[in-house]
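Written below as structure tokens is the structure these notes are about.
Derivation of every value follows stated rules applied to the coordinates shown; laboratory data play no part. Nothing here was measured: the structure is a model prediction, and the numbers come from that model. Note that we place each Cβ from the backbone using ideal geometry, even for glycine, and neighbour counts take in every protein chain shown.
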Amino acid sequence: MGSELKLEKTKSSVLHRTWIGNVILYLWNWTGRWFSWTRQSDSMLRNVEQLILSCVKTAYKRFYVDIGSVVGQCDKIWTISLNEDSPKTPLVMLHGMASGLALWCPNLDALAATRPVYAMDLLGFGRSSRPKFSSDAEKVEAQWVESVEEWRREVKLEQFILLGHSLGGYIATAYALKYPERVRHLILADPWGFAERPDNINEKFHIPFYIRVVATIFQPLNPLWPVRAAGPAGKWLVSKTRPDIARKYTNYVKDADTVIPEYIYQCNSQTPSGESAFHALMNGFGWAKHPMSRRAGQLSPSLGVTVLYGARSWVQTGAGQIAENRPGAETHVQVINGAGHHIYLDKTELFNKYVLEACERGDSPRRLVDQPREQSANSATSESTGGATSRPTSGAAGDQTPSPQT
């Protein structure tokens, strides 16, 4: 009787192990089919990035910067640098949601003409590591800030001018709040996450009931899940959803109508690490759970801030609050007519002009001096090479009449 019972237990154990093994095998095969389905390719991303950057005339270096275990076990940030030998204050550029460093290509030559320029793929985006971020908004913000700080340590930049577009503007501001002694000037290009979310958003924007229902159903999902769900059609979906972006690169990138959608697709068909982190910050796509407008007054009064907005942008600005919350501090607000959210692309020459003017302000001694904190050794490794205080101001520039962006 005991031996029969033991035999039954053995059979049950074998069957149990077999069942688990089948599940694991199924999940393994499903994962393989999934990545095949999405057509994501590291080599394709690398190649298409090179195609885009081929329009940059200034010699540059691209390399990974090992920042250690900020979020994952061994996080690395993909970086491009230009004109590193210039003695002027470096400019560091942070891109927006779903983007990558290559999309700065129309701006790099002009901005790097007289100073060092560094642009990175934010942790979780592009060719940088894709660790699993926290699902808590405050922790996610802190993780991104520390990733930028560890990057700074390893690249050995004592102080720099920090430029952030969209989500990058949010992260740049969070960084300046924690490490004000490192930032000579803060440039916010159509930053996301500043304005407060309206209480009556559905009535204010006349959102139909069915749209609200659909939005509620898909709220738990990451913003770009359709790109991955579309599989081989993901690139087509990108090109058809925002054909205007590719068109704007035609003066810079050869075959932009295919190369740019491919780059955006390859950046966003991978594990949605940074996208999930952005989702944790969101209070609805256009707003942040912890808006920066509430905290703008906490920025160092010695820190100059330049805010650039597109007159046709969908982003709720909060620009007036930034200036109001910093009485007596240097805050410049510039609205660019004819530009939407992607102001660096819509009005490239004007954008470059205003950024360079802000950089010149950043080169000037700060009214108050914040003392630098500790520094550490450099572990960046190269992979390849290639070709005074003012009152708050506001104004408008451009050659087109503002109109709503669709």
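With neighbours defined as other Cβ atoms within 10 Å of a residue's Cβ, the residues Cys105, Cys55, Cys267, Cys74 order from fewest to most as Cys74, Cys55, Cys105, Cys267.
Extent along the principal axes, Cα only, for the stretch 84-183: 41, 29, 21 Å, with the longest axis given first.
For the set Lys76/Lys178; Lys76/Lys156; Lys88/Lys178; Lys57/Lys347, the pairs lying more than 18 angstrom apart at their alpha carbons are Lys76/Lys178; Lys88/Lys178; Lys57/Lys347.
Determine, for Phe160, Phe63, Phe194, the number of other Cβ atoms within 10 Å of each Cβ, and report the residues in order from fewest to most. Intermediate results must be reported in sequence, preceding the final value.
Details: Phe160 20, Phe63 17, Phe194 26.
Fewest-to-most Cβ neighbours within 10 Å comes out as Phe63, Phe160, Phe194.
FRET efficiency for the pair Ser86 and Thr241, taken as 1/(1 + (r/R0)^6) with r the Cβ-Cβ distance and R0 = 56 Å, rounds to 0.90.
Classify the stretch 39-81 as rounded, prolate or oblate, taking a ≥ b ≥ c as the square roots of the eigenvalues of its Cα gyration tensor: rounded when a/c is under 1.5, otherwise prolate if a/b is larger than b/c and oblate if not. Oblate is the answer for the stretch 39-81, as a/c is 1.5 or above yet b/c matches or exceeds a/b.
Residue-wise HN-Hα couplings along the stretch 99-110, as the Karplus relation 6.51 cos²θ - 1.76 cosθ + 1.60 with θ = phi - 60° gives them from phi, are 10, x, 4, 5, 6, 7, 3, x, 10, 4, 4, 5 Hz; Gly and Pro carry x.
For a quick check of your reading of the filter: which GluC sites (Glu not before Pro) in the stretch 149-202 sit in a DSSP loop and have no more than 14 other Cβ atoms within 10 Å? Answer by residue number: Glu158, Glu196.
Here is the P(r) of the stretch 121-177: all C-alpha pair distances, binned every 5 Å from 0, give 4, 17, 28, 30, 16, 4, 0 in whole percents.
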